[in-house]
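This report refers to the structure that appears directly beneath it.
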């Protein structure tokens with residue numbers, strides 16, 4: 001079952017700005033201004049509650065007219081059940097798209113699920129912000145040409161998230177405006193904790 005979506009935001013973003021990843025030696029080009037889509041993996045991780053701060057970001061994206069999608073490696077039946085319970089029916093029905101692992105022939109880290117999501121939403125993959133929690137998800141997002149923000153779990157905290165725009169332990173206290181403005185690009189909360 002596919003939830004119908006609204007037409008994607010036709011605003012054209014300026015060319016990507018070159019921003020330094022302050023906690024890494026590499027420099028990568030990111031532009032979160034005027035994103036075309038906000039894609040979350042809210043389901044499939046086995047967790048019983050949404051990751052802290054994700055729901056307010058989803059709500060803010062929707063309020064800004066940015067399509068919100070969920071792409072999970074779980075089965076459609078499991079993803080539907082988890083999303084209905086985690087998001088509530090109103091938020092679930094408000095998703096512009098949700099996809100599960102059985103909607104595509106190959107699962108993450110293959111980028112197909114993200115490529116198909118961008119195609120169905122009629123958005124430019126380079127202007128999508130993907131939220132992931134693991135290296136496998138990061139590889140899928142980057143392989144699809146999308147920008148990825150990591151919120152790691154206790155099981156994924158030690159993974160190499162090279163290529164991610166931002167690496168955080170949670171979105172608690174993070175605003176959609178901060179994310180879109182690129183204020184968190186280069187932040188790796190693991191590095192900040194190691195210094196403390």
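Observations on the structure shown:
So that you can scan it fast, the table gives a plain yes or no per residue for (1) under 23 Å from residue 175 (Cα atoms); (2) touching a helix residue (DSSP H, G or I) at 6+ places or on another chain (Cβ under 9 Å):
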| site | (1), (2) |
| --- | --- |
| 112 | no, yes |
| 115 | no, yes |
| 120 | no, no |
| 125 | yes, yes |
| 149 | yes, yes |
| 155 | no, no |
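- Residue that is farthest from residue 131 (Cα to Cα) [pool: residues in the stretch 143-162 that are touching a residue at least 24 places away in the same chain (Cβ under 8 Å) and not in a loop (DSSP other than H, G, I, E, B)]: 143
- Which numbered condition residue 105 fails, given (1) touching a residue at least 40 places away in the same chain (Cβ under 8 Å); (2) more than 15 Å from residue 40 (Cβ to Cβ): (1)
- Here the stretch 163-179 is the region considered, the condition is being in contact with a helix residue (DSSP H, G or I) (Cβ under 9 Å, 6 or more places away or on another chain) and assigned to a helix (DSSP H, G or I), and the residue that is surrounded by the fewest Cβ atoms within 10 Å (Cβ to Cβ) is 177.
- Looking across the stretch 116-137, the residues that are surrounded by fewer than 20 Cβ atoms within 10 Å (Cβ to Cβ), assigned to a helix (DSSP H, G or I) and more than 14 Å from the chain's Cα centre (by Cα) come down to 116, 119, 120.
- Top-ranked residue in the stretch 99-110 [being at pLDDT 95 or above and out of contact with any helix residue (DSSP H, G or I) (no Cβ under 6 Å at 6 or more places or on another chain); ranked as surrounded by the most Cβ atoms within 10 Å (Cβ to Cβ)]: 103
- Residue count for the stretch 41-67, restricted to those that are at pLDDT 70 or above, in contact with a helix residue (DSSP H, G or I) (Cβ under 9 Å, 6 or more places away or on another chain) and either crowded, with 24+ Cβ neighbours inside 10 Å or in a helix (DSSP H, G or I) (or both): 11
- Test for residue 141: is it under 21 Å from residue 62 (Cα atoms), out of contact with any helix residue (DSSP H, G or I) (no Cβ under 7 Å at 6 or more places or on another chain) and either at pLDDT 95 or above or surrounded by 22 or more Cβ atoms within 10 Å (Cβ to Cβ) (or both): no
- Among the residues examined, residue 79 qualifies as free of Cβ contacts under 8 Å to residues at least 40 places away in the same chain, on the phi < 0 side of the Ramachandran plot, buried (at least 22 other Cβ atoms within 10 Å of the Cβ) and assigned to a helix (DSSP H, G or I).
The values are calculated or read from the model by the stated rules, or taken from the named source; none is laboratory data. All figures in this text were calculated on a predicted structure; none of them were measured in a lab. Note that we place each Cβ from the backbone using ideal geometry, even for glycine, and neighbour counts take in every protein chain shown.
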